[in-house]
Every structure is written in C-alpha cells, then in structure tokens.
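Asks: Quick one: the structure is below, questions incoming.
The values are calculated or read from the model by the stated rules, or taken from the named source; none is laboratory data. Predicted model, so just to flag it, every value in this text is computed and none were measured. Don't worry about glycine lacking a Cβ; one is built from the backbone with ideal geometry, like all the others, and counts go over all protein chains shown. Side chains included, ligands, DNA and RNA excluded: accessible areas come from the protein's heavy atoms. Shrake-Rupley method; radii C 1.70, N 1.55, O 1.52, S 1.80 Å.
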Amino acid sequence: MGKSSKDKRDLYYRKAKEQGYRARSAFKLLQLNEEFHFLDDPNLKRVVDLCAAPGSWSQVLSRKLFDKDDYTDRQIVAVDLQAMMPIDHVTTLQADITHPRTLHQILELFGNHRADFVCSDGAPDVTGLHDLDEYVQQQLIMSALQLTVCILKRGGTFVAKIFRGRDIDLIYAQLGYLFDQVTCAKPRSSRGSSLEAFVVCQGYNPPEGWQPSLDTNSSVVEFFQDCPVGSNENRTIAPFMACGSLESFDSDATYHVEPSATSLDPVQGPTNPPYKRALELKRSGRLTRAV
Amino acid sequence: MHSVSHYGPALSVKFLDRFVYAGYGPFLHVYEYATGKLANKCLIFNKNKVHGVRIGDNGLILCYGSRSVNLTSIQDVHEKSSIVESEKHTSEWIISGEFNSDCSQFYLLTCYDRVLTCDLECHVVKKSAVYGERSILYSGSIKVVSEDKVFINAGTVMGGIIVWELFSETLVANLLGHSGSIFYVEMNRDGSLIASCSDDRSVRLWDLKSQKELSVGWAHTARIWHLLFYNNDTRLISVSEDCTCRVWDIQSGKLLQSAIHEVHLTKNVWCVDVNEKDQLAITSGNDGRLRLISLTEQESLQRNFTIKQISDDSKVPFAKQEIIKGFHWFSFGLVAITSEGKILQYGNQWKFLMQNPQFKSYSMTNGISKDNIVIFSNNKCNLLILKFNSEGSEIVASRELHVDTLTKSQNCMVCRHHDRNEFFVTLESPNPHDPFMCLKFDTDSLNLRGQFGLKKPESFASSCLEIYESFLLVGSRFSVIAIFDLNNTSQESLVSRRLTPGDTTTSIHLVEFSIGGPVFVVTNRDGYYNFIRLKLGNPIEELEIIHSNRTARGFLEGAYYDNNGDLITYGFKSELFYIYNETQCYEKAVRVCGGAHRQWELARTPEGFMLVFIRASDLHFTRVIEPKVPEVLQCGTHGREIRDIALLKDFKYKNGHLFCTASEDTTIKLCHVHESTGQVTTFWTLRKHVSGLQRCKFLSSKLMISSSAREELFLWELTTDCNTKPYIKFRQALPISGNNPDLRITDFSVKFEGSNFILAAVYSDSAVKLWRYNHLQNRFQLAVEGHYKTCCILNASLFEFKNQSYLMLSATDGHLSLYNLTNTMNGGTVCPLPSVESSIQIHQSSIKAMNISVDDQNDAVRVYTGGDDNALAICAFHWESQTKRLLPHLKDVQRSAASSTITSSELINDDKQLVTASVDQIVRIWDTENDKLVLQEQKYTTVADTGSLDAVSNLLLIGGVGLSVWKTEHH
Ligand SMILES: C[S@@+](CC[C@H](N)C(=O)[O-])C[C@H]1O[C@@H](n2cnc3c(N)ncnc32)[C@H](O)[C@@H]1O
C-alpha cells in the first residue's frame, strides 16, 4: 500500500521510519511508558503482544527486553490475524485472538511460565456502525483480558487499546475488579480527533477464589460469566492521563515539512489488503457504472 | 430534555403488505409506502439501535439490535409510541434473528456463533453451538428451510463461512475463498445456495452440497453490507459502502450484474428489502434516508432506430449519407428533419410529411411542446414553422419566412412567453457587428408580431433563452448572460459576465417573482448553477446572484423545480445521462447513453421523461417512468459525521429556525427545523469545500462563515425574502498562504465594525491571523499575523472588555491563552501578534469546547471549557485594575464530567446553564451559578460520535453520525 502525502507529512510517521519502526504506533507505547514506566522494570522478562501486526510494538518490546547480554528467561510472543515479517527475539503467531484455540496455543508457547506484561493494540475492521465497532473493540479487549487472567503474574500489567465510546465506563468497571489501578491514558501521538485511548491496568489482583478455566467451547463472554467481571452493569470513569510531554509532537497540529523523501521507505514489507483485487479492477476501469 | 425528532443511520428495512418497517435508530418507523405517509414511530429500545426486523406469520414482529431484543405484535408498533418496557437483553451481541417454521419460537444468533432458541415469552429454552467454533463473527444468518432443517451461516473474521445445522449441532460446510472478514452471508430458500461478501469487496455464490464456489461477482467499489435473494432465487440484490444497490442475475450458477442504482449519500447503504409483487426495493443508509427503487426492467422502455429502419418504415428512400439532423418531442411523438430536408413524424410508426430543399445539409430544430409548434431554420436565415393539432394528425398552421437583416445565421433559439400567447425566435449571425435578431410570433396564427434588432454584446455566442415580460434573457458561452428590454431596444443590454468559472450557459428558467424581483435559475455546462434576481427598473438596474452551487459532477444541461419544490437537474456524466434531485441529493434516473451528445432532448411527459438522442447516427428513445410510489420515504441528513451546527438565532423563519450543518462529507447543508414538530427540511447542500468541514457559524442574519482544511474559509450570504426557498451564495474566500492540504482553519471569530468586520482565524499549525473584511469591496485584508506555539489551536473568541479588544484561544496543549489586541491593529501594515497577556493550563490535553460569557458588572470574563480529558471547567478572568490586565482563576473543575471527550458546549438560559455533548453519547445540562458546575440533567443520545451542538430558545440540536432535535424544559 502506498502511503498518502498526509502520512509523509506526519512527523511521527517520519520519526518511525528514521528509527526503523514499522508503524508510528511505536510512539504510543513509548509515550505510555514515559508516564507509567512499565517497560523499564528490570524484572520484565516475558511479554505477550496481541494484535501486533505490522509489529512496531513488538519492535519496541524486543529492543527493551533484549538490550543487555543476559537473555535468559526472556520471551516475546506476538499474535495477529495478519502475517508479520519476522522480528528479532519475537515468536509470531497468525491467529484470531477471539478464538479459544488461540489462547491455548499462546499458553503452550509459555509452558508453565507466567507473563509479566500483556498488551493489545487490537483494532477491529471498522464498519462505520459505531455500536458494533465499539462492541467488537470491547470483545478484543475481553479476549486479551481472558488470556491475561490465564497467564499474567499477580501484580503484572495489562495495556489495551480502547475506543472511548458510549459504554467505555462498563469496561473501566470490569477492569477495576481485576487490577489495583486502572487509568485511561492518551499518548500525544494518538490523534485527538480519534476515539482511541489506552487502558493501563496495573497490579493484577484477581478476586479471591476465582479460578479461571479455559474451555475451547466457550466464548469469552461465557468465560467471564461467573467472575464479578462482566456480570453487572456497573459504570465507573477511570482517571485520565495525557502521556508524552507537551514538547513532543502534537499529532493534531500541521507542521510545514516537505513530504519525506523516498530514502525513508517503509521498513515493513508490502501488506496485502483483502481488497487488493478489487482495487486493481477499479484502477483498470473495470468497475464503471455503464453496464 | 426530551427528543422530538431524529435523523440518522437506518439499519434495517422490511416490507409487509402495504407497509415498510424501518429500524431508525432506536425507533421503528412504519410507512405506508404507496403514499409515503409515516403511519407511526415506535420506540423499541432504550438505547440500542434496531439492527434487524423480522415479521412472523402470526402477527408478531421481532426487533433486535446490539444486545437487545423486543418481541411484540404488529398492531403495537402501528399504535404505540413506545414498547421499551418489553425490551430484553442477551449477554452477547445479536447478529441475526428468525422465527421458527411455525412461529412458535424464535432463534437468535449471537456474535460467538451460539443460537438461543426462545419461546414467545422471550425465555431461552435452548442454547446451541457447533463444538469449538466460538470465535467472533461479523455476520451470520439463520435459514429455516423446514420444520426440521435449520441452517446457521456464520461469517468469521479469519476462517471463512461456517455452515452448521441447528438441531444436530453439526458442521455442514466451511466455505473458504474470500479474503478478510465476512460481512454478510445469505442462504436461498431451499438451502442449496449461499451468497456471501467480505472485506475483499466481491460477492460470491456457493453450492452447499459440493461446497464449491460457483461464481465471483466483482462490481462494488467498497465493502458490501447486505445481500438478498429474490424472484425465486433468480436474482440477488446487494448494497454497499459505495452508496449503491446492485442487482445480479443468477444464470446457471453465474452472477451477472444487471442494474446499478446510486441510492444513498457518502457513505454506507446498510440494508435492503424487496417487494416482489410490486418489484420494489427499499434501501436504508447511514444518511438516514429510506429510498424506494423500481426493479422493473428498463429495456422495455427503450427503442432504437437505424437510418435504414426509419427509411423503410416511412417508405421514403433516403440518400446515401442522409442522417437525422434535428428533432423535437411532442406529446404525440417526434418530429424530425434529415440532412436532405425531409420532415418526418413518429408516433407508433414513421411517417413522411414533406421535403423542403432549403433545409438541406444544415438545419436547426426547435419546438414549443405546449403549442405543438416546430421551428426549422437554416444558415441562410430561412425559417419554417409548423403547428400541429394536439393529436399530431394534422398541420393546422404553417409559415415560411426569410430574415433579410442578417446575411447568415449560425444559431437559432426559441422560447415561449409565460403569460402571453407569443413565442420568440432569435437568430444570431457569426458577424459580431450584425444585430442579434429576435422575432415575435403569435402561437395560434404563427403571425409575425414584431422584429427586434438587438445590439450584441462583445464576445457573445448565444446558447439559451428565456423571456420574462418584455425582458429577453440570453445565455451565452463563457458563462455570460445578456438581458435586453424589448420595449426599449435602443437601450444597451445588461450584461453579467462570469457567473461561474466560465463554460457555456445551458439554461435560464424563471422560478418565481419575489418582492425583490423575478428569480431565475441558470445552469452552466461546467456543473455550476446560480439563482439570479433581476432588480427591475428602466433601465434594468441590476442582476443579483442570490444562490450559487455546483452539482455533484458531470455536465449540467438544465434545472427546474418539480411539484414538491425540489430542484431537479439533468445532464451528462461520463457514459450516462442523469436526472438528479438536487434538493434531496439523490439520483432520480440514469440512462447509459454513451456520453455527451450534440443532438439530444429531454422532454417532460405525463408519465415522466422522454430522452431522445442520436448516437452513431441511430436515433434512441428512452422513457423514464416516474414511479407511482414516492422515491424517498424519509429524506435523512448527511451520510457522515456532522462536525458543526449553526442555528440562525436572529430571526424565525416559517415556524422555526434556519440552520447549517457542516460535515465530514465536505458539504454544508442549509436546513430548517420546525419549532414544535422538530421536523428538519433540507434546502441546499453546498459543495464548495473540498475537505471535511471544521466549523460553520452565522455572523449575522445574512452572513455565515465555514472553514475546513486546505485553509478554506468561505463567507456566505443568505437571502430569505423569496417565496420558494431561502437562498445562499458564496461571497468570498479567505486568501491562503500556501498549498499544504493538511492546514486546517479550526475556528474563527468575528467582531463587526458597521457592515465591515474583523475576523480572527486560527489554524492547525498554531497560526493566528486577524483580517479586516470590507463589505463594499468584498475583500479580506491581513492585519495581524503570528503564531501561538506549534500545537494545534482549537477555539478562538474575540470579545470587548473595558474598552479593550481581546482574543481568547484554546489549544491541544490544554491551555487557555488571552491576547490583548487593543493597540495592535493600526494602519495598513500587517502587525505581528503581540505576546500572550495571560495563560492557564486547565486540561491535560485538547480543549475541545469553549464558551465565553462577559460579565461587565462583576469585572470578570468567564470561560467554560470541555476537554479530551473528560473534564469540564469554569475559569474566570478577573480585571486587575492596577495592572489593567485580565488574570485567570480556575473556579471549578469536574475531572470526570463525562466518560469520554467533551466535544461541544453551549450556554443557555442567560448563561445560567451549560449544555455539553460528549463522545460517550450523553448530553448533560450543568448549572453554572456561583461559578460551580452542578449536574442538573443527563440523557443518552443515539447520535454516535457526538460532536456538535447548538441551541435556540428551548430547542437543542445535536449532531454527530445523525442529527437529533431535543427540547429542554425551562427551569
Ligand atoms: C493498530 S493495529 C496494531 C499495530 C501494532 N501494535 C504495531 O505497533 O505495529 C491493529 C491490529 O489488530 C489486529 N486484529 C484485529 N482483530 C484481531 C483478532 N480478532 N485477532 C488478532 N488480531 C486482530 C489487526 O489485524 C491489526 O493488525
């Protein structure tokens, strides 16, 4: 896919290319970390990156975890519907995170170990039906959370993309049952005009006596049915935190820069959108109205 | 607060008997489709939208949407205004619902591929699923083939289509072939065929038994959302994000596209249903429109004749190269002339009338349908005029004439007087010094009543004609109009040049006589149209443009008001001829005609239109039958987010208020809201902007400004004293500084100085510019220029306080910043922006909403802000008399005033209350007295991406994806 000139003028996009990141999203994770420092913990060893393609978060994680010589016990697993180009020290898995089988596969990759950190930058195919899009987004969070409760160590951190739409306060309430601290964080690299933000959930602390069990035949909704999570209609508003200093680039601002030169070609290989064939037909004038 | 009307996404439609049932936001609308009458509006769910409607043979209707279901009787939805008390919830999203074979139960398919079987009390009696396939679905359908055969067709995000059998809970097929998420799956009646669509934009047809893909249909240019088999599974209909509805023939397992209808505004058509008896389809879209289209074949309405057929049929031999040179359509048929001067008539058959060698090789044909008169002319200034009786069976009068004041004629045009039985013929010579000749005839006797030699304006080439009283209006190439007074031919004509960028004027039609003078609609080939008003006098004083706009695309050939007062435009668009309802923005009809032709005519007929054209020397007739049913049941609004709403508060217009909506779809709509019913009527959709809108505001009762990316800021002028409609024209654009397409003018503010004003414009690159606007010169002049910081500015407000001029800004950095501009604007030079007088950080990130209230008595200026950080605050700037400065003090802040971004706010009730809109879809009213924010009332709105708000008296308009009208109670 060719990048539009809008992308080429985007300073985060340029910075990503300069630093060898596959997507400008890398700065969202980095700016979240500037505020919360979850990646600066020297004990951070095992992490799961869900909905990871094209892989800039995995790149950030790989650079953070494998910056020293001692690699023992370090592991990064990245999962996405889309195929990903290999990244050093990252095990990739092409799968649907809402499929119960996928969670089993991830658990297998971890053996008996627990993860220190789980993140998900998942975004569904946006249809334009706001209620459906927000629901599917929430289901991606719930699937990520399902894996999280099966794999995250007590005290661990979970970070997930959210759409701040009409029922976001339900999600905050649900997460509040499982974590000591839930914050709604918005990195400055995330456009102010979008609904996007991130929940940063710190201090994993599941309710006493709740034993989650993964059953291949249950959906994530059923999984959480007998947990206080998801079972009621409580609403809370998580405190808001803007991340990244005011000196960092403002993703809503227009900067007068020349569109970046071709020397900053995408590091990431060409992606294969599902509608590639339709685009080709349209470009060759085969989809005109005269029938 | 309570809702009085709503326009927005309609997600489901269903025909039953005489009615259409439409899921319209959380409501079900019931229309009698033959008349278009809205029979009832029934609230189905508290919050959720109605995504699906199913009607059982037992008189029950099942509505579902999101995690809600409501089962009720058809009678209830016809009679009650709400049935929310019987709303039930499921734990998972409902993808589809269906009654069982004897309507004693119904099934719900959830997004995790589970089926809930429910009894008619809505108790779940059984849960079914196929083992291990519990990933999320975007689509799915339930097919009840028989009492003991029910198929579930599940569309996954990665694993193709999973077909399973409900009672045995067994996997029947896994259909792989699409790429991307499956967005719809539908099974035919007996369960042998499956149609599907996905993110790959193709439609696929599958054979269930063999699990083979039978056919792939490529045609849609964006995602497809709904599919339906009809006419005994011989047809499939699809609707898409690309705004079209397409019909596919299924011939021996192959999909063949057979019709395309452009049905909705950008973007998304969500649902379609078909009435087989009347061969009608109804579509619903994100724009809230409900569109009815006829599915009957168009081929039967078309006829083509080759020259040979015409010759054979009329039994006259044609010369070797003889072709049709001109024609005119009458209610009795066609009258045509050939290149040999043969005059022919066509009713059911071709008939030779006469031959006139004077009209050999070159001739022009004009006609007056009303009087059955045809006028032939040649380049030697000869005229032949024939008048037929109304059946066309006889020529009742004829006249031949030579005009000797001209040596040569290159154009002949005709028009009829609106009030008198007279018609006018103009002849134009290629010699610029020759007069422009106009002849006046009697429509009965065809007697010549007058002859006028008019002085031709410079570089003039006539292209269309209109007569009003004694004024002859002549359109020309280069978008010029000349107006001659036939009672005073010695007078120079009034010439208006360059109404629009400059192609040929294609039509001029009188539309009304307003207090200010007669109003005409003028079309231009380049796609622009104008409404002009003549200020009459002796001589004519002035020609005033009161409306200017551009059609969606293509060549514009003409326009008129229909019986509903809707403006209809027509012309060519690439391969097509189109007829478009410009007021409501929909295509009435299109015909493939192979592109713009030199010889064509669109005639109005009692049943619709007749399009006649010559293509590759063949004569083509195409009838357009106006449907007997309304073309739309509901008009709707923008198809994309409404970013700003501006109510004209200065005066009332016809039991309500005028307002503008500015949308992401790059258009601005000028509308009216009825103060008691909340009914919204759209008058115009303005297409001048080329990027998504940011803001629109009325400056006065006559002026409006809109702004968007590409530094577009346009000044518009409103005319409200016409009978037909309010009109609005583009007046001026703000000069731009460069060509950065991303540079947005995010807000602006105005301070009047007489009829001139000062404009403060703020930009996404942190630029702040002040301009002087001179009304007489119609000119913007830069006065002050500078930058705030480097971040994006979001709000600006100019105000006066203690005889000082101030500008307040808010930006993405969460700060309010105040500039004192009192001594800055002087002389003709551009001054630098002074430094900020005071600034305060109130929010963590963007301040999206800002309202200012100046309180002179208490020496304070209050600023109310709402932000991306969910917070709402009151900040008071107090006057420090020693330093003569305004200094900020944070008075109150509610950190979690909403659960997501507060996008818009308005002060109401003499600034005692503040209404806020936020993306969590809740509208809140806050009491602001004593500088404390106290929540008074809150209510959920079905308008998603809630981004704009405006209020006048007790009316509240809420915009986002859709538009709602609410009323607030006065406290
Ligand atoms: C915004 S992108 C992630 C970008 C990534 N964090 C990076 O930095 O490169 C969102 C991703 O979510 C993935 N996704 C959406 N639904 C999914 C699902 N059900 N299972 C796995 N991945 C999913 C999409 O394929 C997409 O690649």
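Asks: Using a simple charge model, +1 on the beta-carbon of Lys and Arg, -1 on the beta-carbon of Asp and Glu, nothing else, what dipole does chain A show about its Cα centre, in debye to the nearest 20?
Replies: Values: 33 positive and 37 negative charges, 252 e Å.
So the magnitude is around 1220 debye.
Asks: Taking just the alpha carbons, could you work out the radius of gyration and Dmax for the stretch B:691-967, both in angstroms?
Replies: 18.6, 58
Asks: Could you do me a favour and compute the accessible area per residue for the stretch B:691-967, 1.4 Å probe, result in Å²?
Replies: Working: 9170 Å² over 277 residues.
Here the per-residue accessible area is 33 Å².
Asks: Given labels modelled 7 Å from the Cα in the Cβ direction, how far is it in nm from B:ASN739 to B:THR489?
Replies: 5.1
Asks: Over the Cα atoms of the protein assembly as shown, how large are the radius of gyration and the largest Cα-Cα distance (Dmax), in Å?
Replies: Rg then Dmax for the protein assembly as shown, in Å: 34.0, 109.
Asks: Once B and A are treated as a pair rather than alone, how much accessible area drops out, both sides summed, in Å² to 100, probe 1.4 Å? Spell out each step's value before the answer.
Replies: Working: alone 38080 and 15530 Å², together 47400 Å².
The summed interface area works out to 6200 Å².
Asks: Jot down the per residue volume, in cubic angstrom and as a whole number, of the convex hull over the alpha-carbon atoms of the stretch A:5-283. Write out the running numbers ahead of the final one.
Replies: On the way: hull volume 41.5 nm³, N = 279.
So the per-residue hull volume is 149 Å³.
Asks: Could you sort out which of B:LYS649/B:LYS669; B:LYS725/B:LYS967; B:LYS37/B:LYS702; B:LYS14/B:LYS654 sit more than 28 Å apart by Cα distance in this structure? All intermediate terms of the calculation are to be shown ahead of the outcome.
Replies: Numbers: B:LYS649/B:LYS669 17 Å; B:LYS725/B:LYS967 26 Å; B:LYS37/B:LYS702 35 Å; B:LYS14/B:LYS654 35 Å.
Check vs 28 Å cut-off fails for B:LYS37/B:LYS702; B:LYS14/B:LYS654.
Asks: Provide the FRET efficiency to the nearest 0.05 for the B:ARG895-A:ASP180 pair, computing r from the beta carbons and using R0 = 25 Å. Intermediate values should be presented prior to the final figure.
Replies: Details: r = 20 Å, r/R0 = 0.79.
Efficiency computed from Cβ-Cβ geometry: 0.80.
Asks: Given Cα pairs under 8 Å that are at least 6 residues apart, what percent is the relative contact order of chain B? Don't skip to the answer; put the middle values down first.
Replies: Values: 2747 pairs, mean separation 60.7, N = 971.
Relative contact order of chain B: 6 percent.
Asks: Now, a different point. List the residues of the stretch A:146-173 that lose 30 Å² or more of accessible area once all protein chains are present, compared with their chain alone (1.4 Å probe, heavy atoms only, no ligands or nucleic acids).
Replies: A:ARG164, A:ARG166
Asks: Same structure, new question: Between A:SER193 and A:THR216, what FRET efficiency follows from the Cβ-Cβ distance if R0 is 35 Å, with the result rounded to 0.05? Intermediate values should be presented prior to the final figure.
Replies: Details: r = 41 Å, r/R0 = 1.16.
Efficiency at R0 = 35 Å is approximately 0.30.
Asks: Give me, ordered by chain and number, the residues 5 or more places off B:HIS226 or on other chains with an amide H under 5 Å from its own placed amide H.
Replies: Those qualifying (amide H under 5 Å, at least 5 residues apart or on another chain) are B:VAL239.
Asks: Follow-up question, since we're still on this one. Can you pull out the GluC sites (Glu not before Pro) in the stretch A:127-209 whose DSSP state is coil and whose Cβ has at most 12 other Cβ atoms within 10 Å?
Replies: Details: sites: A:GLU134, A:GLU196, A:GLU208; in loops: A:GLU208.
Sparse-neighbourhood loop GluC sites (Glu not before Pro): A:GLU208.
Asks: How far apart, in nm, are the 7 Å Cα→Cβ label points at B:MET825 and B:GLU601?
Replies: The modelled label-to-label distance comes out at 5.8 nm.
Asks: Ok, one more. Enter the mean projected area of the convex hull around the alpha-carbon atoms of chain B, in nm², rounded to one decimal. Walk me through the numbers before you get to the answer.
Replies: Working: hull surface 179.5 nm².
Reported value for the Cα convex hull: 44.9 nm².
Asks: Right, next: When N is the residue count of the stretch B:335-428, what does its C-alpha Rg come to as a fraction of 2.2 N^0.38 Å?
Replies: On the way: Rg = 13.3 Å, N = 94, 2.2 N^0.38 = 12.4 Å.
After normalising by residue count via 2.2 N^0.38 Å, the value is 1.07.
Asks: From zero outward in steps of 10 Å, how is the percent of C-alpha pairs of the stretch A:113-191 spread across the bins?
Replies: Pair shares across the bins are 17, 50, 28, 5, 0.
Asks: In whole percent, and with a 1.4 Å probe on the protein chains, what portion of the accessible area of the stretch B:691-967 is carbon and sulfur?
Replies: On the way: 3930 of 9170 Å².
After summing per-atom areas, the C and S share lands at 43 percent.
Asks: Based solely on its DSSP helices, what 222 nm [θ] is calculated for chain B when runs of n ≥ 4 H residues each add -39,500 (n - 2.57) and the sum is averaged over all residues, nearest 500 deg cm²/dmol?
Replies: That comes out to -500 deg cm²/dmol.
Asks: Using every alpha carbon pair in the stretch B:324-567, what percent of pairs falls into each 10 Å bin from 0 up to the bin containing the largest distance?
Replies: Per 10 Å bin, starting at 0, the Cα pair percentages come out as 7, 30, 35, 22, 5, 0.
Asks: Can you return the aspartates and glutamates within cross-link range of B:LYS912? Criterion is Cα-Cα under 13 Å, with same-chain partners fewer than 8 residues away left out.
Replies: Candidates past the 8-residue exclusion: B:ASP855, B:ASP927, B:GLU929, B:ASP931.
Asks: Continuing with this model, one more query. Hey, which aspartates and glutamates would be in cross-link range of B:LYS939, C-alpha to C-alpha under 12 Å, not counting anything within fewer than 8 residues on its own chain?
Replies: Correct list for B:LYS939: B:ASP920.
Asks: While we're here: For the stretch B:610-684, state the semi-axes of the equivalent ellipsoid (square roots of 5 times the eigenvalues of the alpha-carbon gyration tensor), sorted largest first and rounded to whole angstrom.
Replies: They are 38, 17, 12 Å, listed from largest to smallest.
Asks: Taking θ = phi - 60°, what integer Hz values does the Karplus form 6.51 cos²θ - 1.76 cosθ + 1.60 yield along the stretch B:322-337, in sequence order, with x for Gly and Pro?
Replies: 5, 9, 7, 9, x, 7, 9, 8, 10, 4, 8, x, 9, 10, 9, 10
Asks: Which loop trypsin sites (Lys or Arg not before Pro) in the stretch B:870-971, with loop taken from DSSP, have no more than 11 other Cβ atoms within 10 angstrom of their Cβ?
Replies: Values: sites: B:LYS884, B:ARG885, B:LYS891, B:ARG895, B:LYS912, B:ARG924, B:LYS932, B:LYS939, B:LYS967; in loops: B:LYS884, B:ARG895, B:LYS912, B:LYS932.
Those that pass, being in a loop and sparsely packed, are B:LYS884.
Asks: Please give the Cα centre distance for the stretch B:322-398 versus the stretch B:131-195, rounded to the nearest Å.
Replies: 63
Asks: In nm, to one decimal, how far is the modelled label at B:LYS628 from the one at B:VAL125, with both set 7 Å along Cα→Cβ?
Replies: Result: 4.3 nm between the two label points.
Asks: Moving on. Suppose every K and R has +1 on its Cβ and every D and E has -1 on its Cβ; what is the size of the dipole of the stretch B:324-567 about the Cα centre, in Debye to the nearest 20?
Replies: Numbers: 23 positive and 26 negative charges, 142 e Å.
The calculation lands at about 680 debye.
Asks: Please sort by residue number the GluC sites (Glu not before Pro) in the stretch B:341-423 whose DSSP state is loop and whose Cβ has at most 14 other Cβ atoms within 10 Å.
Replies: Details: sites: B:GLU391, B:GLU394, B:GLU400, B:GLU422; in loops: B:GLU391, B:GLU394.
Within the stretch B:341-423, the qualifying GluC sites (Glu not before Pro) (loop, at most 14 other Cβ atoms within 10 Å) are B:GLU391, B:GLU394.
Asks: Could I ask something else about it? Could you pull out every residue, at least 5 positions away or on a different chain, whose amide H is within less than 5 Å of the one on B:ASP892? Hs are placed 1.01 Å off N in the peptide plane, and Pro or chain starts have none.
Replies: B:ILE874
Asks: Shifting gears a bit: Using all Cα-Cα distances in the stretch A:1-138, what percent lands in each 5 angstrom bin from 0 up to the longest?
Replies: Pair shares across the bins are 2, 9, 17, 20, 20, 17, 9, 4, 1, 0.
Asks: What is the packing order of peptides B:333-340, B:284-291, B:349-356, taking the mean over residues of other C-beta atoms within 10 Å and listing the highest first? Can you show the working numbers first?
Replies: Details: B:333-340: 22.4, B:284-291: 28.1, B:349-356: 15.9.
Highest-to-lowest ranking by the protection proxy: B:284-291, B:333-340, B:349-356.
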